[in-house]
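Let me begin by presenting the structure, written as C-alpha cells, before commenting on it.
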Amino acid sequence: MADLSIEFCGIKAPNPFWLASAPPTDKAYNVVRAFEAGWGGVVWKTLGEDPAAVNVSSRYSAHYGKNREVLGFNNIELITDRSLEINLREITQVKKDWPDRAMIVSLMLPCEEHYWADILPKIEATGADGIELNFGCPHGMPERGMGAAVGQVPEYVELVTRWCKQHTRLPVIVKLTPNITDVRKPARAAKAGGADAVSLINTINSITHLDLDRMVAFPIVGNASTHGGYCGSAVKPIALNMVAEIARDPETHGLPISGIGGIGNWRDAAEFIALGASSVQVCTAAMLHGFGIVKEMKDGLSRWMDEKGYANIAAFSGKAVPNTTDWKYLDMNYAVIAQIDQDKCIKCGKCYVACEDTSHQAIARLVSETEERTYEVIKDECIGCNLCEITCPVEACITMVPQQTGKPYMNWTQDPRNPRAENVATETPERVLI
C-alpha cells in the first residue's frame, strides 16, 4: 500500500492533507476534530497582535452553479478574533496531544521587526512545527499595511522573511497572494529572504453577486458590502498555474511548495502534487462537507498511487513540471481531430451548435429519411480546438485523435510564419516537448 507520509521542509506528517489557515482551524475544538478525522496537519488560523481583530456579520457569500452547487466561496472574515494568549495555550495543548500531526502557525503583524521578534519565541514555546507568514489576505488587513499589502511588494516579502529567519529556528513558510501580476517575483523574494517553503494561493479579490432589490453585494453588512477573498473549486485552475510557475522557474526551482486553492478530492491533490507541491491545504471543501472528507481523499490517493506504482508522495511530486512550458515552445506541427463515437452519441446536438455558431463549422448535422439525426466531424474543417468535446454531456463520446502529419517538431521560435523568427530562433527552451 502506498505510503502517504511526507516530510515538508523538515516537518513530518502522516499524510499530505492539511487544513489551511481559516475558520476551520480557529480553535482547539475544531482542530482536534480534524485530527480525529485523519487530517495530517493544520495551519492554525492567523494570529496577530493584541488586541485581537474584530470581525463583522455577515461574512460569507457564494457563487452558485446548478442546484445551488457552490462553485466559489467568498469571505470577508479577518484573522483570529480571539486573544493571543488563548490561541497560544490551545496550540500548546493540541500539539502535546497530537505530536505526530503537523502544526503550523499562521502569523500576520505590522512591518516592524520588533513585532516579529516578540511573537516568534512565543510560537516556538508552543511546540509548533513551523510558521506560515500570511502575506495574502486581500481584505481588511491590507488597509492596515498587512496581508496582501506586504505580499504585493517583493521587497517587503524578503524583508519580513529575513526578520523571521533571524528570530526563530522554526521552518518559515511564506503564503503568497494571487492578487499580483507575476507570482514568481514574491516567490523569488521569499527565497532570497531565506524562506524554507512557500504556500499558495491565498484568496482572490472578489464580489460574488448582488441583491438587485437592495443594490448591495453579498455578504451584506447593514446596507453595504466590500470585496472579499474568493476560494473554492472555481480558483483551482488559477492556483495550479501559479504553483507550476514557481515550480518551473529556474530561480525558485526546488523550493518546497504547499499547494492551496480549490482542492476538494484526491484527484485535485494529485494534480497539485504533480505540478510541484509536496503538501496540500484544504479549506472550502471542509467547510462545505465537513472534516470527514479526508478519509475519501486519503483512500482515493492511496489507491491511485498503488495503481500507478508510486510508492510515496515524492515519487510523483513535480512529475508534470517538465511537461509544462511556454506557449512558444509548443509543437506547431502537432495536430488532433475530433471523433464522435456514434454508439455513445445521444443526438443532443450540443457539439453541432457550439461548432456551427462559435467555432469552425466542422460538424455536419445529417437527417435521414426517417428524420433521425446524426452528427459527423468534417475532418478537413476540424482544427482540433476541443470545443465539441467540452460541450458534449457524454463522457468519452467525443475524443481528440492525434494525426500523423509527417512533419518534425517545430516551435514558434522556429516557425517561418513568425515575423520575428530570425530574432528568437536561437532561444533555448526550458524543455523541448517531443
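The values are calculated or read from the model by the stated rules, or taken from the named source; none is laboratory data. These numbers come from a predicted model, not from an experiment. In this analysis, Cβ positions are derived from the backbone assuming ideal geometry, glycine residues included, and neighbour counts consider all displayed protein chains.
Things to note:
- Residue list for the range 231-261, filter: among the polar types (S, T, N, Q) and over 24 Å from residue 25 (Cα atoms): 241, 252
- Residue match in the range 86-99 (condition: closer than 22 Å to residue 20 by Cβ and not in a helix (DSSP H, G or I)): yes
- Counted residues, the range 280-324 - those being within 25 Å of residue 45 (Cβ to Cβ) and either among the polar types (S, T, N, Q) or outside the structural domain of residue 15 (by TED's automatic domain parsing) (or both): 2
Per-residue answers, yes or no, for (1) of a type outside the set (Lys, Arg); (2) in the same structural domain as residue 65 (by TED's automatic domain parsing); (3) out of contact with any strand residue (DSSP E or B) (no Cβ under 6 Å at 6 or more places or on another chain); (4) without any contact (Cβ under 8 Å) to a residue 12 or more places away in the chain:
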| site | (1), (2), (3), (4) |
| --- | --- |
| 205 | yes, yes, yes, no |
| 211 | yes, yes, yes, yes |
| 219 | yes, yes, no, no |
| 222 | yes, yes, yes, yes |
| 226 | yes, yes, yes, no |
| 231 | yes, yes, no, no |
| 244 | yes, yes, yes, no |
| 251 | yes, yes, yes, no |
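- Residue within the range 207-222 that is assigned to a strand (DSSP E or B) and buried (at least 23 other Cβ atoms within 10 Å of the Cβ) present: no
- Applying the criterion of at least 3 residues that are over 26 Å from residue 327 (Cβ atoms) to the strands (runs of 3 or more DSSP E) found wholly in the range 340-416 leaves 363-367, 373-377.
- Subset of the range 291-329 that is surrounded by 15 or more Cβ atoms within 10 Å (Cβ to Cβ) and polar (S, T, N, Q) - its residue that is farthest from residue 38 (Cα to Cα): 325
- For the range 132-182, a tally of residues being closer than 14 Å to residue 106 by Cβ and of a type in the set (Asp, Glu) returns 1.
- Taken over the range 178-202, the residue count meeting the criterion of being assigned to a loop (DSSP other than H, G, I, E, B) and more than 17 Å from residue 263 (Cα to Cα) is 9.
- Residues of the range 262-290 satisfying the condition of being under 19 Å from residue 25 (Cα atoms) and crowded, with 21+ Cβ neighbours inside 10 Å: 262, 263, 279, 280, 281, 282, 283, 284, 285, 286
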